[in-house]
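The numbers here are math on the coordinates, done by the rules we state, and not lab data. Here the structure is a predicted model, which is why all the values come from computation and not from measurement. Note: ideal-geometry Cβ built from the backbone for every residue, glycine included; neighbour counts use all protein chains shown.
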Amino acid sequence: MAANNRRMSGKKGAQVGSGGKRRRALEGKGPTPPAEMRKGHVKQRAAQAQARRAQGARPQRRTGGKSSSELVVGRNPVFEALRGGVPATTLYVQQFIDNDERVREALQLAAERGNINLMEAPRPELDRMTNGLNHQGLVLQVPPYEYAHPEDLAEAAYDEHEDPLIVALDGVTDPRNLGAVVRSVSAFGGHGVVVPERRAAGMTAGAWKTSAGTAARTPVARATNLTRALEAYKKSGITVVGLAADGEAELGELDALQGPVVIVVGSEGKGLSRLVGETCDVRVRIPMPGGAESLNAGVAAGIVLYEAARRRA
């Protein structure tokens, strides 16, 4: 019993009541401050970014670098690239080529553009250029793509007095998916696409073709590190939304689409990478009553971009 008393005597504070002396400790901290004044809140970041823009504090613009030039090889691929508006500098035609319908159509399309050089070359030279691929006498040279910098996409939107609507791709390696996303961004009034510099699809001839010409007016930016690029967007007041099958919010509940937002789309198989998923302000799922497990990047991006355009209309 004595040991128990010693333990009890070590307790601090009054044992029976407080005589009203602790009333101040029960008082609240006052009304919750507005979102713009709460540290770290999305609206506070947006307000701070707006204030910086009003003061003219704009970061120096940079480019995202250039890709390497590319060769499109074969009669049908060359014709389809020219018909799809893929930019090109030179069309190489084999000497004494069998002048079939595809060759004539390719030559006509190149001539109509007026800015493509037509070069005749012997077969051994074309074999050397293409490393022995079956070029069928036609080789189209596609110039390097000049990427934008991720910051430029947001700045261009603000210059138009619009809230940025940007799509970032995480782990998407199929150029056709990139082209489809570029096409959707253009269709629904977005301001560009961000891709990682490594282990990701770039603006190849295949991406240009799938974009159906919209790549000429929709910029694609390349980020050295996608996670850091997303963090920079967050600091500038833009909400980063990740698409995930197990997202905590549903697309129809996402009010962030009405303001400045970056939509992050992962690969169909793996989804968002761990670091990118942790960087997102919120992860959102697209309801699929039909029971499909996932959507490819182009389709998923199109659905969310449509919803964003509908809310902004």
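Per residue, the Cα convex hull of region 217-269 amounts to 134 Å³.
Using the Kirkwood radius built from alpha carbon pairs, what does the Stokes-Einstein equation give as D for region 139-266 at 10 °C and 1.306 mPa s, in µm² per second? In µm²/s, the coefficient rounds to 107. Sorting the segments 227-237, 122-132, 164-174, 271-281 by their mean number of nearby beta carbons within 10 angstrom, highest to lowest, gives 164-174, 227-237, 271-281, 122-132.
Here the Karplus relation 6.51 cos²θ - 1.76 cosθ + 1.60, evaluated at θ = phi - 60°, turns the backbone of region 90-100 into coupling constants of 9, 10, 8, 10, 5, 4, 6, 6, 5, 7, 8 Hz, with x for every Gly and Pro. When region 126-285 is described by a simple charge dipole with +1 on each Lys and Arg Cβ and -1 on each Asp and Glu Cβ, the residue from S267, L254, L243 located farthest towards its positive end is S267. Of the Cα atoms belonging to region 210-313, the radius of gyration and Dmax stand at 13.8, 38 Å. For region 227-287, a simple Cβ point-charge model (Lys and Arg +1, Asp and Glu -1, everything else neutral) yields a dipole of about 320 debye relative to the Cα centre. Computed about the Cα centre, the dipole magnitude for region 193-272 is approximately 620 debye when only Lys and Arg (+1) and Asp and Glu (-1) carry charge, each at its Cβ. Among 215-224, 177-186, sorting by the average number of other beta carbon atoms lying within 10 angstrom of each residue, highest first, gives 177-186, 215-224.
Listed values for region 267-275 are Karplus-derived 3J(HN,Hα) couplings in whole Hz (6.51 cos²θ - 1.76 cosθ + 1.60, θ = phi - 60°), namely 6, 5, x, 9, x, 6, 5, 4, 5, and x replaces Gly and Pro. Legend: P(r) of region 91-140 from all alpha carbon pair distances, 5 Å bins from 0, whole percents, reading 5, 22, 32, 23, 15, 4. Across region 116-192, the relative contact order, built from alpha-carbon pairs under 8 Å that are at least six residues apart, equals 24 percent.
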